[in-house]
1. Loop only per DSSP, at most 16 neighbouring Cβ atoms within 10 Å: give me the trypsin sites (Lys or Arg not before Pro) in segment 8-63, ordered by residue number.
2. For a quick check, take a GNM of the chain with Cα springs below 10 Å and name the residue from Phe312, Phe259, Phe112 with the largest mean-square fluctuation.
3. Which links in Lys100/Lys144; Lys124/Lys381; Lys83/Lys124; Lys36/Lys90; Lys271/Lys350 stretch past 32 Å when you go from one Cα to the other?
4. How many nm separate the modelled label positions at Gln43 and Lys330, each set 7 Å beyond the Cα in the direction of the Cβ?
5. If you take the beta carbon distance between Ser20 and Trp156 as r and set R0 to 25 Å, what does 1/(1 + (r/R0)^6) give as a FRET efficiency, to the nearest 0.05?
6. How big is the equivalent ellipsoid of segment 63-132 along its three axes, where each semi-axis is √(5λ) from the Cα gyration tensor, reported in whole Å from largest to smallest?
7. Would you please name the trypsin sites (Lys or Arg not before Pro) within segment 49-85 that are DSSP coil residues with at most 15 other C-beta atoms within 10 Å of their C-beta?
8. Please compute the modelled spin-label separation between Arg9 and Asp197, points set 7 Å along Cα→Cβ, answer in nm with one decimal.
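Here, each number is a calculation from the coordinates, and none is a lab measurement. Quick caveat: nothing in here was measured; it's all calculated off a predicted structure. Note that we place each Cβ from the backbone using ideal geometry, even for glycine, and neighbour counts take in every protein chain shown.
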Amino acid sequence: MLGSGFIGRFYADSLQGQRSRDKIVSIYSRREESAKKFAEDYQVAHWTTDMEASIAHPEVEVVCISLPNNLHEAAVNLCCKHKKAVICTKPLGRNAEEAKRMLEAVEKAGIFNGYLEDLVYTPKFLKALESVQNGALGRILWAKSRETHPGPHSEWFWDKEQAGGGCILDLGCHCVEIARSFIGKDIKPVEVMCWADTQVKPIDAEDHAIGLVKYENGAIGQFEVSWTFRGGLDLRDEVMGTEGTIWLNSFLRTGFDMFTTGKGADYVAEKAESNSGWLFPVGDELNELGYNHMFTDMFNAMEGNKPARETFYDGYVVNAVLDAAYRSAKSKLWEPVQLDIWRGKTGVGKDKTLTEYDAQYYLVKEEMTHFGAKKLILKDKNSGQIIEKVL
Ligand SMILES: NC(=O)c1ccc[n+]([C@@H]2O[C@H](COP(=O)([O-])OP(=O)(O)OC[C@H]3O[C@@H](n4cnc5c(N)ncnc54)[C@H](O)[C@@H]3O)[C@@H](O)[C@H]2O)c1
């Protein structure tokens, strides 16, 4: 495990939870006291302040990168040097150029690589995706994902150089991969329109943004991200298709509401802003945030000698979409997604939108009225005239 901070500990709780046979055998942390503390808390035999020593440790089979964004690439390069399988937290790079170098490096070294995008592994998401892939929603037209909270927990996030950006990169990476998964990871994201601003925080990066990602088949992805949202961690997705709709609420309203005056109140959930009054606790954060299913997929893939559901390639595509969002926020125009490496479909046209009624008409809509009549709205194929038929 590289990094003993916020996500390193969540990962460790998941990796070693529930009688798991997976074991952290070495912890690298920048400060000796943090490395030692982590080793004590998680019974890790080897701790070090030397990153390479941890990666090269003979018992290490896979390296888990839980370091600030600006350190991902150096860590990946060391994994390549020592031919160690590597799984890296999100975002893969600070930009697509960095992510592309990492992708090319792991592929050249021939090592297993996994992108730790936990939010496409939540139980709710996996079930929703299965329904979408089985056609329950028909053709996907729009997929929206929102992640907003009151701001990150460590200083480096707020420094544009170390983090690579603000909430677009930090939170938008989740949203883009969620929408992309619903729309289809083989469908090319082509252009992005984004509004971003620094509304509240005294920082150089954006603290609030909204973006639209256009896909080659005409579907639209939407992300809403903020580091200025009050009220906790808001994680919601909406998917709209020609045959159905899905709404997911992953965190603030999970069906567990609690009121307390604050007596005996403790930790409630990630980024909760209060521990009194009406609260929305989360039953099992590790599971509800997808960590358990994510590591299961990573290690099953590794052992089965096949790619994980999320690889460095996916991390690279996400970075490329976000780069376009940053360009658009500046230019105020639709900006093309620049993908030097694309492994999905190409030349996909906009899907067919017309529903046949009979030889003369297309069906626009049918509706049962409150007064018992069934109404059909039809369009004449030749004249284009719209008519209404009451049955
Ligand atoms: N849901 C998620 O997937 C999720 C959530 C939070 C963070 N993350 C990602 O995890 C990574 C780490 O974030 P975090 O929240 O754990 O941050 P953190 O600040 O809590 O922990 C970072 C760790 O890296 C160490 N570190 C900081 N600067 C360093 C340096 N210059 N050299 C060596 N070590 C250094 C810190 O001591 C700490 O151990 C980031 O890439 C972040 O985007 C992912």
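1. Details: sites: Arg9, Arg19, Arg21, Lys23, Arg30, Arg31, Lys36, Lys37; in loops: Arg19, Arg21, Lys23, Arg30, Arg31.
Of the trypsin sites (Lys or Arg not before Pro), the ones in loops of segment 8-63 whose Cβ has at most 16 other Cβ atoms within 10 Å are Arg19, Arg21, Lys23, Arg30, Arg31.
2. Highest fluctuation of the listed residues: Phe259.
3. Numbers: Lys100/Lys144 26 Å; Lys124/Lys381 42 Å; Lys83/Lys124 35 Å; Lys36/Lys90 25 Å; Lys271/Lys350 40 Å.
Table pairs above 32 Å Cα-Cα are Lys124/Lys381; Lys83/Lys124; Lys271/Lys350.
4. Here the modelled spin labels are 5.2 nm apart.
5. In this case the efficiency is close to 0.25.
6. Ellipsoid half-lengths, sorted descending, are 25, 13, 11 Å.
7. Here the sparse-neighbourhood loop sites are Lys83.
8. If labels sit at Asp197 and Arg9, their model points lie 3.6 nm apart.
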